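> A single structure is presented below for examination.
Values in this text are rule-based calculations from the coordinates and carry no lab data. Remember, predicted model here, so these are calculated numbers, not experimental data. A quick note on method: Cβ atoms are made from the backbone with ideal geometry, for glycine too, and the neighbour counts reach across all protein chains shown.
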Ligand code: TMP
């Protein structure tokens, strides 16, 4: 069975990962790759309800266990029904957020024990790790100007929450240098994408 490639996009809210995911998809398709664009939370058959539960501000306070387990349940379904089947068909899967978001937001941001998060998520994903992760590093001060007025439940957190999230991403990048590629997301989008394009070209050994 042909094995696909699993690429994730990570960073604090407003870092531009969704735009970069789209551009990356166009680049790969122009080179003849079959591409699947997907996202967490929410991109599985019942994922839309998860997304509603997780991000809707009307939900009010949610304790850490509820939040961690909802993200993990969404991920388990997403891996099982969307990501693994696409990889099995040899597709390039471009995923906007994945497990590293849980480590950064619930671990770094909320302070949930990291080992517990790894164990729960290992169970949820069956150990599926990305081949490549683009971490779009954005200064927390830049974030406010990039977010729209209708902020979701997570986006309403204070800047110091996002500073902790950003620190956790830095730790992940240092711990997993074989798959993490850190990109300066404070730059204009064309420059951000050219950093990504260089890495993709190298990864697929294109000349
Ligand atoms: P989005 O804005 O990229 O669609 O992501 C939705 C929010 O969910 C974002 O604020 C990050 C948060 N999130 C977590 O806190 N943990 C997770 O595991 C995931 C996937 C997202």
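> Among 64, 100, which comes first, second and so on when ranked by fewest other beta-carbon atoms within 10 Å?
With the sparsest Cβ surroundings first, the list reads 64, 100.
> Could you let me know the centre-to-centre spacing of the range 184-202 and the range 1-76, using Cα atoms, in angstrom?
That distance is 20 Å.
> So, one more: Could you compute how fast the range 7-70 diffuses translationally, taking Rh as the Kirkwood radius over C-alpha pairs and applying Stokes-Einstein at 25 °C with viscosity 0.890 mPa s? Give it in µm² per second.
It diffuses with D of about 176 µm²/s by this estimate.
> What's the whole-number percent of alpha carbon pairs in the range 105-164 lying beyond 18 angstrom?
53
> In addition: Can you put 95, 24 in order, fewest other beta carbons within 10 Å first?
Listing 95, 24 from fewest to most nearby Cβ atoms yields 24, 95.
> Any idea how far apart residue 170 and residue 149 come out in nm if each label point goes 7 Å out from Cα toward Cβ?
About 3.5 nm separates the two model spin labels.
> OK, next. In Å³ and rounded to a whole number, note down the convex hull volume per residue for the Cα atoms of the range 5-203.
113
> Same structure, new question: Just the C-alpha atoms of the range 117-196: what Rg/Rh do they give, with Rh taken as the Kirkwood radius?
Rg/Rh: 1.01.
> Bin by bin, in steps of 10 Å, what percent of the Cα pairs in the range 50-107 do you find, going until the bin that has the longest distance?
19, 48, 25, 7, 0
> Please compute the contact order of the range 5-203 in relative form: average sequence separation of alpha-carbon pairs under 8 Å and at least six residues apart, divided by the residue count, as a percent. Intermediate values should be presented prior to the final figure.
On the way: 282 pairs, mean separation 66.5, N = 199.
RCO, the range 5-203: 33 percent.
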